[in-house]
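Undergrad: Would you mind keeping the following structure in view while I ask a few things?
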Amino acid sequence: MLDIQSLRAQFPVLRRRVNGHPLVYLDNGATTQRPARVVNKMAEYYLRHNANVHRGVHHLSALCTDANERARERVRAFINASSAEEIIFTAGTTAGINLVANSFGEAFVRPGDEILVTEMEHHSNIVPWQMLCRRAGATLKVLPVTDDGRLDLSLLPVLLTPRTRLVALTRLSNVLGTINPVRLVADAAHAVGAVVLVDAAQAVQHLPVDVAGLDCDFLAFSAHKMYGPTGVGVLYGKKSLLDKMPPWQGGGEMVRDVRFEETTYNDLPFKFEAGTPDFIGIIGVGEAIDFIDSVGMEEITARERSLTLLARDRLSTVPGLRFHGEAPESSSVISFTVEGAHPFDIGTLLDRQGIAVRTGHMCAAPLTRRFGVESMVRVSLAMYNTEEEIDLLLRALLRALLMLRG
Ligand code: PMP
């Protein structure tokens, strides 16, 4: 069992007050908080060891390079990739998806080809594909979502065609909380010769993620949503594919030799890491994974599932409340609207009581519209949330609704 108080003690921000109330942080889908050990590790490297990586022969450069590469190995093991060459450090999920849209797009997507996304994608797993389709003369297709917030898999055989080059889908929806059957989609995609990109931005902090088990070709995530630093992320890609893809950005680090006539490129993963990486952020990612491991992913998943069920149970007692997304396979994210109350007003009145939730379209406007609304309230949980915080949310929500509805 998790010792929740000692876990919370590792997050100094959780001790603060907001608007005169103890902070109840339920916006973990936007970004999680960071434990002190992640910040301290980065501070140690900034203050005591800092030197640029992969360049100098001097002591500090070697030290930072080793730490950077150890973090890469930590990430490899964390997602069960077969080689550290398959782990590319990026600026985040968005940057990873754009890398694939540009590089894979250039190598493999031709006029008349198709890219399949789902109706529950975040804008960052829609717009790069739209941009690619426009550039390449390809067509964007969309796998719809059912009323209870699952992918409508009955349409998958119709939407996958021999022209499908890539299927992009989220592992866990940032709006619905739905956990998608990625392996099933990957098997169907592979059967028509398409590759699969998984947006794991909302998965790596909640569930074990195993790229071999999922058999995905690409997988992207951001460190700031998994207790790590902002501005760093990871793109996993199968080596066999990455080898065939051209670099996306040019610069230092990604080259072997540069002549004005011709440049040769570095090996994986450096071919895709132009310029100085955020190596201290990367070291922070390694520390965040150590932190997650110290708690245990199975414990985290189980705790968040029971907190999610409790929160849904409590919220379902609120008159006029409608959940958006009620898939049996879901966790950690709950979105809803309440009749007669605008989500923005609910969010504002919750904030006055110290409770942080997200309101709006959650960067998934096509999805919120699919449910007939422009805006929702989202409660997104992390391992450090408590049963008491869910009670506080319920009481504060009832108070807010009393004020809004009179
Ligand atoms: N995909 C999903 C499912 C997300 O929730 C988010 C962040 N809200 C992103 C992609 C984008 O992540 P980032 O802004 O860190 O690149």
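Each reported figure results from applying straightforward, stated rules to the coordinates on display, with no laboratory input. If you're wondering where the values come from, they're calculated on a predicted model, not measured in any experiment. Cβ atoms come from the backbone with ideal geometry, glycine included; neighbour counts cover every protein chain shown.
Undergrad: With r defined as the distance between the Cβ atoms of Arg15 and Asp152 and R0 fixed at 41 Å, what FRET efficiency is calculated, to the nearest 0.05?
TA: The pair Arg15/Asp152 has a calculated efficiency of 0.40.
Undergrad: Grab the Cα-Cα distance for Ser82 and Arg369, subtract it from 0.36 nm times how many residues apart they are, and report the gain in nm with one decimal.
TA: 99.3 nm
Undergrad: Report the full-extension gain for the segment Arg256 to Asp243: residue separation times 0.36 nm, less the Cα-Cα distance, to one decimal in nm.
TA: 3.2 nm
Undergrad: Can you give me the pair-distance distribution of the stretch 34-158, C-alpha pairs, 5 Å bins, whole percents?
TA: 2, 9, 12, 13, 14, 14, 11, 9, 8, 6, 2, 1
Undergrad: While we're here: Over the Cα atoms of the stretch 147-251, compute the convex hull volume and normalise it per residue, giving Å³. Working shown, then result.
TA: On the way: hull volume 13.3 nm³, N = 105.
Dividing the Cα hull volume of the stretch 147-251 by its residues yields 126 Å³.
Undergrad: Which of rounded, prolate or oblate describes the chain when judged by the alpha-carbon gyration tensor and an a/c cut-off of 1.5? Spell out each step's value before the answer.
TA: Values: a/c = 2.14, a/b = 1.26, b/c = 1.69.
It comes out oblate by the Cα gyration axes.
Undergrad: Moving on to the next point. Mean residue ellipticity at 222 nm from the helices of the chain, using -39,500 (n - 2.57) per DSSP H segment of n ≥ 4 over the full residue count, to the nearest 500 deg cm²/dmol?
TA: Details: 14 runs with 154 residues, N = 406.
My calculation for the chain gives -11500 deg cm²/dmol from helical runs alone.
Undergrad: If you don't mind, there's one more thing I want to ask. For a quick check of your reading of the filter: which GluC sites (Glu not before Pro) in the stretch 51-85 sit in a DSSP loop and have no more than 15 other Cβ atoms within 10 Å?
TA: Passing sites in the stretch 51-85 do not exist.
Undergrad: Identify, among Gly56, Val167, Thr32, the residue whose Cα sits farthest towards the positive end of the charge dipole of the chain, taking +1 on the Cβ of Lys and Arg and -1 on the Cβ of Asp and Glu, with the dipole about the Cα centre.
TA: In the chain, that residue is Thr32.
Undergrad: Can you classify the stretch 265-406 as rounded, prolate or oblate using the Cα gyration tensor, where a ≥ b ≥ c are the square roots of its eigenvalues, rounded means a/c under 1.5, and otherwise it's prolate if a/b beats b/c and oblate if not?
TA: Prolate shape, in that a/c is at least 1.5 and a/b is the bigger ratio.
Undergrad: Here is a follow-up. Give the cross-link partners of Lys41 among the lysines, using a straight C-alpha distance below 30 Å as the criterion and excluding same-chain residues fewer than 8 apart.
TA: By straight Cα distance, Lys41 reaches Lys225, Lys271.
Undergrad: Further question on the same structure: What is the order of Trp248, Trp129, fewest Cβ neighbours within 10 Å to most? Show your work: numbers first, answer last.
TA: On the way: Trp248 19, Trp129 25.
Result, fewest neighbours first: Trp248, Trp129.
Undergrad: Suppose the chain between Met403 and Glu298 were pulled fully straight at 0.36 nm per residue; how much longer would it get relative to their current alpha carbon spacing? If you can, show how the numbers build up before the last one.
TA: Details: separation 105, 0.36 × 105 = 37.80 nm, distance 4.07 nm.
Extra length from Met403 to Glu298 when fully extended: 33.7 nm.
Undergrad: Among Asn102, Val318, Ile126, which residue has its Cα positioned farthest towards the positive end of the charge dipole of the chain, with +1 placed on the Cβ of Lys and Arg, -1 on the Cβ of Asp and Glu, and the dipole taken about the Cα centre?
TA: The listed residue farthest towards the positive side: Val318.
Undergrad: Are there any GluC sites (Glu not before Pro) in the stretch 262-331 that are in a DSSP loop and have at most 13 other Cβ atoms within 10 Å? List them by number.
TA: Answer in residue order: Glu262, Glu329.
Undergrad: Quick one: which residues, 5 or more positions from Arg358 or on another chain, have an amide H under 5 Å from its amide H? H modelled 1.01 Å from N in the peptide plane, none for Pro or chain starts.
TA: Arg378, Ser380
Undergrad: Setting aside same-chain residues fewer than 8 positions from Lys239, which aspartates and glutamates have a Cα under 12 Å from its Cα?
TA: Of all the aspartates and glutamates, those that pass the test against Lys239 - Cα under 12 Å, at least 8 places apart if same chain - are Glu85, Glu86, Asp217, Asp267.
Undergrad: Filter the trypsin sites (Lys or Arg not before Pro) in the stretch 218-272 down to the DSSP loop ones having no more than 15 other Cβ atoms within 10 Å, then list what survives.
TA: On the way: sites: Lys225, Lys238, Lys239, Lys244, Arg256, Arg259, Lys271; in loops: Lys238, Lys244, Arg259.
Counting only loop positions with at most 15 other Cβ atoms within 10 Å, the trypsin sites (Lys or Arg not before Pro) in the stretch 218-272 are Lys244, Arg259.
Undergrad: While we're here: Hey, for a label at Glu44 modelled as a point 7 Å past Cα toward Cβ, could you say which residues of the stretch 283-299 have their backbone N under 11 Å away?
TA: Under 11 Å, as judged by backbone N against the label point of Glu44, lie 287 of the stretch 283-299.
Undergrad: For the chain, give the share of DSSP beta bridges that are antiparallel, in percent and rounded to the nearest 5; count only bridges with both residues there.
TA: Roughly 60 percent of the beta bridges in the chain run antiparallel, per DSSP.
Undergrad: Now a separate question. Where nothing but the Cβ of Lys and Arg (+1) and of Asp and Glu (-1) is charged, how large is the charge dipole of the chain around its Cα centre, in debye to the nearest 20?
TA: For the chain, the charge dipole is close to 800 debye.
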